[in-house]
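J.: One structure coming up, written as structure tokens, with questions to follow.
The values are calculated or read from the model by the stated rules, or taken from the named source; none is laboratory data. Everything numeric in this text was worked out from a predicted model, so none of it was measured. Glycine also receives a Cβ, built like all others from the backbone with ideal geometry; neighbour counts cover every protein chain displayed.
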Amino acid sequence: MRAAWRAADIRAAEEALIPTLPPGTLMQRAAAGLARRCASVLAARGGVYGARVLLLVGAGNNGGDALYAGARLASRGAAVTALLVAPDRAHAEGLAALRAVGGRAVTELPAVADMIVDGILGSGARGPLRGAAADVVENLPGVRASAGGRPVVVAVDVPSGVDVNTGQVEGPVVPADVTVTFGCLKPALVVGAAVTYAGHVDVVDIGLPWLAVRPAAWVPELSDVRRWWPTLTPASDKYNRGVVGLATGSSAFPGAALMSVAGALGGPTGMVRYAGQVADEVVRAHPSVVPAGRVADAGRVQAWVCGCGLGTDRRAGEELRAVLGAPVPAVIDADALTLLSHGDLSSWLRQREAPTVVTPHDREFARLAGDQPGPDRLAAATELAAQLGVVVLLKGDRTIVATPEGTVWVNPTGTPALATAGTGDVLAGLLGSLLAAGLPADRAAVAAAFTHGLAGRAAADRLGGEHAPVTAPDVAAALREVVATLAP
Ligand SMILES: NC(=O)C1=CN([C@@H]2O[C@H](COP(=O)(O)OP(=O)(O)OC[C@H]3O[C@@H](n4cnc5c(N)ncnc54)[C@H](OP(=O)(O)O)[C@@H]3O)[C@@H](O)[C@H]2O)[C@@H](O)CC1
Ligand SMILES: Nc1ncnc2c1ncn2[C@@H]1O[C@H](COP(=O)(O)OP(=O)(O)O)[C@@H](O)[C@H]1O
């Protein structure tokens, strides 16, 4: 797993480190890593020698990094020009270093550049880009590469125009093909609208120590999910692998039952029970499922999934009560979230001792929290988790998992291929299976979102690419193949 820290925490760590090192060491490390990456990008596009590199240089140290990196590229034969956004506040030593190797400073945007290095703003950004910085960014689309087409853009630390701590984008922004970030990830590189502007993210080691404060977010990796995933042993049987129950679907929404059951069958449990109005359809589609009409009649399970397509009538409310009253972990999704937001049921949630995961998309989140998550999705998910005392899985292109204790995860595997009806039901079923198999609620939620994202990608690949018309059954089918690759 990788951590994304807030700008102020990184700054504090850097300031503690600086007195222990010769002056300028951190910036030189940053600039060396940046220049290395720029050179490899240029090499792939015809070479460093003779390439026209335009540095966008802001008033702070982010501009300093760009200037020193530009000097390194100039000494390898690149034609480097620095556009000084705030000429009287540009990093003086960096500018001198660039000039010493033949680089030029300008105050007007040139018409041609093969590469743009965006050093306007980094972790010192406050609010949307303003003044001369905003003007420069508005005019960037007019710059063309020598061979025609668009210059390749490398962002220094973060793309200029993003909120480093939340990933919010409110005004003009410099979209990057590559972001070279220093020391560690930042929230804007993993969550929020900013993510789409960062391109490929490279972390350069500048010797920053592991920070002693809680990260803004953790980003899981495949190795984490592999480590957590329950394994089969010769002693496994259908009961000790865990049994998951699904109180989902209704006569009005039979598909939600089928999709959630398909998700559960893709998980690690040994048995799936279904309790609901469409048990016949479920068994016809999935003969291994053990059916019942109501939660009370379903037999023992180690976790419940409730809500996908359940409806919001009196019967649905009774089923949700039965699930909330059961002393086993529960996933509360879709219609069950709407039911929760209505009556007295949220107090049932607080009284539960077994772990609960709620899985809202933005509109369901608004029903629970009173408002949509807004631009700071990390904070929104964390606040709701603390308020309800449950794990919150906030769906989106970067699904967030927040615990009541304040630990936050951002899933990196999401794909727009999942933006289709019923994929949330598949996710809920899979999550229930992981809970029933004994994973702690936060790990189960993180592993489910991660694997679900991989399944969305695999389904799209199988149909020909990311724009293929993926459906929820495709995702459920791909899930079983993805899970097969998780074996140690
Ligand atoms: N610390 C270290 O040891 C290391 C740091 N490193 C590097 O330093 C970077 C952080 O540098 P930094 O703190 O100087 O801030 P930075 O992002 O350059 O911008 C500040 C300037 O921007 C201005 N400004 C702010 N908001 C604005 C807006 N919306 N629109 C327009 N202008 C705005 C603001 O102006 P002011 O508000 O003061 O008028 C101020 O002058 C970091 O990202 C990394 O690249 C690396 O070298 C590794 C070692
Ligand atoms: N643009 C997107 N990028 C990545 N994932 C997405 C995107 N849009 C939706 N998803 C994912 O698809 C799923 C949709 O769930 P949900 O809205 O509950 O659908 P349904 O209720 O129809 O099953 C969630 O896991 C969500 O994170």
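J.: Give me a count of the residues in region 356-386 that are under 23 Å from ALA256 (Cβ atoms) and of a type outside the set (Ser, Thr, Tyr). Give the derivation first.
T.: Residues of region 356-386 under 23 Å from ALA256 (Cβ atoms): 356-368.
Imposing the further condition that a residue be of a type outside the set (Ser, Thr, Tyr) reduces the set to 357-358, 360-368.
Within region 356-386, residues that are under 23 Å from ALA256 (Cβ atoms) and of a type outside the set (Ser, Thr, Tyr) number 11.
J.: Could I ask something else about it? Search region 47-72 for residues that are farther than 12 Å from ASP114 by Cα and pair each with any residue that is of a type in the set (Asp, Glu) when their beta-carbon atoms are under 8 Å apart and the residues are at least 6 apart or on different chains.
T.: LEU56/ASP118; ASN62/ASP157; GLY64/GLU93; ASP65/ASP157; ALA66/ASP118
J.: Restricting to region 108-128, name every residue that is loosely packed, with under 13 Cβ neighbours inside 10 Å and within 16 Å of ligand 1 (Cβ to nearest atom).
T.: ARG126, GLY127
J.: In region 145-179, what residues are acidic (Asp, Glu) and either within 16 Å of ligand 2 (Cβ to nearest atom) or in contact with a helix residue (DSSP H, G or I) (Cβ under 7 Å, 6 or more places away or on another chain) (or both)?
T.: As a first pass, look at region 145-179 and keep what is acidic (Asp, Glu): 157, 163, 170, 177.
Matches in region 145-179: ASP157, ASP163.
J.: Suppose we filter GLY406, GLY464 for residues that are over 15 Å from the mean Cα position of the chain (by Cα), modelled with pLDDT under 95 and either over 26 Å from GLY249 (Cβ atoms) or within 16 Å of ligand 1 (Cβ to nearest atom) (or both); which single one remains?
T.: On the way: GLY406 fails: modelled with pLDDT under 95.
Just a single option satisfies the conditions, and that option is GLY464.
J.: Quick test of your reading of the structure: GLY131 fulfils all but one of (1) more than 10 Å from ligand 1 (Cβ to nearest atom); (2) of a type outside the set (Ser, Thr, Tyr); (3) on the phi > 0 side of the Ramachandran plot. Name the failing condition by number.
T.: Status for GLY131: all satisfied but (1).
J.: Consider PRO360 carefully, then state whether it is over 16 Å from THR312 (Cβ atoms), surrounded by 15 or more Cβ atoms within 10 Å (Cβ to Cβ) and assigned by TED's automatic domain parsing to the domain that holds GLN302. Don't jump to the end; show me each part of the working.
T.: Numbers: over 16 Å from THR312 (Cβ atoms): no; surrounded by 15 or more Cβ atoms within 10 Å (Cβ to Cβ): yes; assigned by TED's automatic domain parsing to the domain that holds GLN302: yes.
Considered against the rule, which asks whether it is over 16 Å from THR312 (Cβ atoms), surrounded by 15 or more Cβ atoms within 10 Å (Cβ to Cβ) and assigned by TED's automatic domain parsing to the domain that holds GLN302, PRO360 comes out as no.
J.: Quick check: anything in region 381-388 within 15 Å of ligand 2 (Cβ to nearest atom) and either more than 15 Å from the chain's Cα centre (by Cα) or within 22 Å of ALA188 (Cβ to Cβ) (or both)?
T.: Yes; the residues of region 381-388 include at least one that is within 15 Å of ligand 2 (Cβ to nearest atom) and either more than 15 Å from the chain's Cα centre (by Cα) or within 22 Å of ALA188 (Cβ to Cβ) (or both).
J.: Another one. Being surrounded by 24 or more Cβ atoms within 10 Å (Cβ to Cβ), assigned by TED's automatic domain parsing to the domain that holds TRP229, part of a loop (DSSP other than H, G, I, E, B) and within 16 Å of ligand 2 (Cβ to nearest atom), is that true of even one residue in region 399-420? First the steps, then the outcome.
T.: Taking region 399-420 as the starting set, the residues that turn out to be surrounded by 24 or more Cβ atoms within 10 Å (Cβ to Cβ) are 399-402, 408-411, 417-418.
From what is left, the residues that are assigned by TED's automatic domain parsing to the domain that holds TRP229 are 399-402, 408-411, 417-418.
Pick out the ones that are also part of a loop (DSSP other than H, G, I, E, B) and you get 399, 411.
Next, from what is left, pick out any that are within 16 Å of ligand 2 (Cβ to nearest atom): 399, 411.
Among the residues of region 399-420, at least one is surrounded by 24 or more Cβ atoms within 10 Å (Cβ to Cβ), assigned by TED's automatic domain parsing to the domain that holds TRP229, part of a loop (DSSP other than H, G, I, E, B) and within 16 Å of ligand 2 (Cβ to nearest atom), which makes the answer yes.
J.: Identify all residues within region 14-50 that are within 9 Å of ligand 1 (Cβ to nearest atom) and charged (D, E, K, R); write none if there are none.
T.: GLU14, GLU15, ARG29 - these are the residues of region 14-50 that are within 9 Å of ligand 1 (Cβ to nearest atom) and charged (D, E, K, R).
J.: With respect to ALA444, is the statement that it is assigned to a helix (DSSP H, G or I), buried (at least 24 other Cβ atoms within 10 Å of the Cβ) and assigned by TED's automatic domain parsing to the domain that holds PHE253 true?
T.: Values: assigned to a helix (DSSP H, G or I): yes; buried (at least 24 other Cβ atoms within 10 Å of the Cβ): yes; assigned by TED's automatic domain parsing to the domain that holds PHE253: yes.
Here the answer is yes, as ALA444 does meet what is asked.
J.: Return the only residue of GLY142, GLY122 being touching a helix residue (DSSP H, G or I) at 6+ places or on another chain (Cβ under 9 Å), in contact (Cβ under 8 Å) with a residue 12 or more places away in the chain and assigned by TED's automatic domain parsing to the domain that holds SER40.
T.: Values: GLY142 fails: touching a helix residue (DSSP H, G or I) at 6+ places or on another chain (Cβ under 9 Å).
Only one candidate passes the filter, namely GLY122.
J.: Give region 342-370 a look and list any residue that's within 25 Å of the chain's Cα centre (by Cα), of a type in the set (Gly, Ala, Ser) and not in a helix (DSSP H, G or I), or say none.
T.: Quick first cut of region 342-370, residues within 25 Å of the chain's Cα centre (by Cα) only: 355-370.
From what's left, of a type in the set (Gly, Ala, Ser): 366, 369-370.
Hit for region 342-370 is GLY370, nothing else.
J.: Quick one: in region 163-178, which of the residues that are under 16 Å from the mean Cα position of the chain (by Cα) and closer than 21 Å to VAL204 by Cβ is nearest to ligand 1 (Cβ to nearest atom)?
T.: This residue is VAL164.
J.: Additional query: Within region 1-50, can you find the residues that are surrounded by 13 or more Cβ atoms within 10 Å (Cβ to Cβ) and of a type in the set (Phe, Trp, Tyr)?
T.: Residue satisfying the conditions is TRP5 alone.
J.: Quick check on region 180-196. Is at least one of its residues farther than 30 Å from VAL283 by Cα, touching a helix residue (DSSP H, G or I) at 6+ places or on another chain (Cβ under 7 Å) and free of Cβ contacts under 8 Å to residues at least 60 places away in the same chain?
T.: Within region 180-196 (the criterion being farther than 30 Å from VAL283 by Cα, touching a helix residue (DSSP H, G or I) at 6+ places or on another chain (Cβ under 7 Å) and free of Cβ contacts under 8 Å to residues at least 60 places away in the same chain), the answer is yes, since at least one residue qualifies.
J.: Checking the conditions here, which among GLY325, GLY299, GLY311 is assigned by TED's automatic domain parsing to the domain that holds THR233, of a type outside the set (D, E, K, R) and touching a residue at least 60 places away in the same chain (Cβ under 8 Å)?
T.: GLY311
J.: What single numbered condition from (1) part of a helix (DSSP H, G or I); (2) within 11 Å of ligand 2 (Cβ to nearest atom); (3) aliphatic (A, V, I, L, M) fails to hold for VAL470?
T.: So VAL470 meets the others, but not (1).
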